[in-house]
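The structure that follows is given in the form of structure tokens.
The values are calculated or read from the model by the stated rules, or taken from the named source; none is laboratory data. This structure is a prediction, so every number in the text was calculated from the model and none was measured. With ideal geometry, Cβ positions are generated from the backbone for all residues, glycine too; neighbour counts draw on all protein chains shown. For accessibility, only protein heavy atoms count, side chains too; no ligands or nucleic acids. Shrake-Rupley method; radii C 1.70, N 1.55, O 1.52, S 1.80 Å.
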Amino acid sequence: FFNKNLIKMPHFQISKTGSYHSRFQVKWRRRREGKTDYFSRRRLLHQDKRKYNSPKYRIVVRMTKRNIICQFVQSRLQGDHILKAMYSKNLEIFGIKSGKTSFSASYIIGLLLAKKVLRQNFFFQEKNENKQAIPNAVLDLGLRRVTTGNKVFGVMTGVVDGGINVPHNEKRFPGYQAGEKFDSDLLNQRIKGEHVREYMQLLKEEDNEKYQKHFSKLIKNKMEGKNYLRVFDHVYKKIDEGI
């Protein structure tokens with residue numbers, strides 16, 4: 001026969017009591033959606049009280065599969081105010097119809113944003129001189145991981161070369177290796193697009209079918225081989241001329 005005394009109910013420990021649920025606070029919406037890292041945002045926006053309401057600017061860089069978004073943002077109590085913005089789709093004006101998310105394109109986007117910002121009277125000008133004060137900004141990566149050679153730092157390089165101060169060092173640029181000297185030539189090659197041209201040539205020799213498929217848009221827009229470098233050189237000349 002079946003002995004009921006042998007049966008013992010398992011013991012369940014209540015880990016979350018009623019007082020826990022009554023005190024539970026829901027996370028902010030953008031944290032729940034995984035869009036904003038408020039831990040890093042708080043440090044980006046932190047301002048000394050002695051500076052009162054002096055503005056603190058950020059270079060906000062966001063990347064998608066087909067677009068690079070670069071914004072010059074000022075944070076206020078009401079929220080973020082976007083003063084100027086530059087997108088990779090704007091590069092079509094300069095003749096770049098494809099390859100708009102490359103390292104070279106990201107550098108140009110940062111350079112154009114800096115030129116665009118400095119044309120406006122956002123900043124204090126000295127009375128004795130007509131020179132405009134050099135603005136300071138902080139790089140905002142959002143949720144993107146910080147890796148050496150990332151295209152985000154291509155945007156930052158363009159912004160710095162355009163005339164805006166962004167605190168940085170060379171450890172995250174392509175061409176840096178721990179224990180060795182920084183190779184600035186490799187960074188310049190990335191900016192010019194040499195690495196893309198070399199890979200196109202290598203792939204064409206090894207597997208022509210894959211080359212035709214992988215670089216179909218560049219071939220369609222006649223940006224293959226040396227033409228790829230010429231397009232970006234033409235854009236750099238236009239920017240230098242102030243167009």
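Being more than 30 Å from ASP37 (Cβ to Cβ), among the aliphatic types (A, V, I, L, M) and touching a residue at least 60 places away in the same chain (Cβ under 8 Å) is true for just one of VAL138, VAL159, VAL196, VAL155. Which residue is that? Spell out how you get there, then give the answer.
Values: VAL138 fails: more than 30 Å from ASP37 (Cβ to Cβ); VAL159 fails: more than 30 Å from ASP37 (Cβ to Cβ); VAL155 fails: more than 30 Å from ASP37 (Cβ to Cβ).
The conditions single out VAL196.
In addition: With SER19, SER15, SER104 as the choices, which residue is in contact (Cβ under 8 Å) with a residue 24 or more places away in the chain and out of contact with any strand residue (DSSP E or B) (no Cβ under 6 Å at 6 or more places or on another chain)?
Unique residue meeting the criteria: SER104.
Oh, and also: Hey, HIS168 hits all of (1) open to solvent by less than 60 Å² (accessible area, probe 1.4 Å); (2) under 21 Å from the mean Cα position of the chain (by Cα); (3) under 21 Å from LEU118 (Cα atoms) but one; which does it fall short on?
(1)
Still on this model: Condition test on LEU91, is it open to solvent by less than 30 Å² (accessible area, probe 1.4 Å), among the aliphatic types (A, V, I, L, M), modelled with pLDDT under 95 and farther than 20 Å from ASN165 by Cα?
yes
May I ask you to say which residue of ILE239, ILE191 is closer than 19 Å to LEU113 by Cβ, over 20 Å from the mean Cα position of the chain (by Cα) and touching a residue at least 12 places away in the same chain (Cβ under 8 Å)?
The unique qualifying residue is ILE239.
Still on this structure, please answer the following. Suppose we keep only residues that are touching a helix residue (DSSP H, G or I) at 6+ places or on another chain (Cβ under 9 Å) and without any contact (Cβ under 8 Å) to a residue 40 or more places away in the chain within the range 81-94. Which one would you say is farthest from HIS234 (Cα to Cα)?
LEU83
Anything in the range 139-159 that is more than 11 Å from LEU112 (Cα to Cα) and hydrophobic (A, V, I, L, M, F, W, C)? List them, or say none.
Across the range 139-159, the qualifying residues are LEU139, LEU141, LEU143, VAL146, VAL152, PHE153, MET156.
Then there is this: Residues in the range 163-183: is at least one acidic (Asp, Glu), at negative phi and modelled with pLDDT of 90 or more?
Checked against the condition, which is being acidic (Asp, Glu), at negative phi and modelled with pLDDT of 90 or more, the range 163-183 yields no hits at all.
Go through the range 61-85 and report how many residues are of a type in the set (A, V, I, L, M, F, W, C), loosely packed, with under 15 Cβ neighbours inside 10 Å and farther than 20 Å from PRO135 by Cβ.
Result for the range 61-85: 1.
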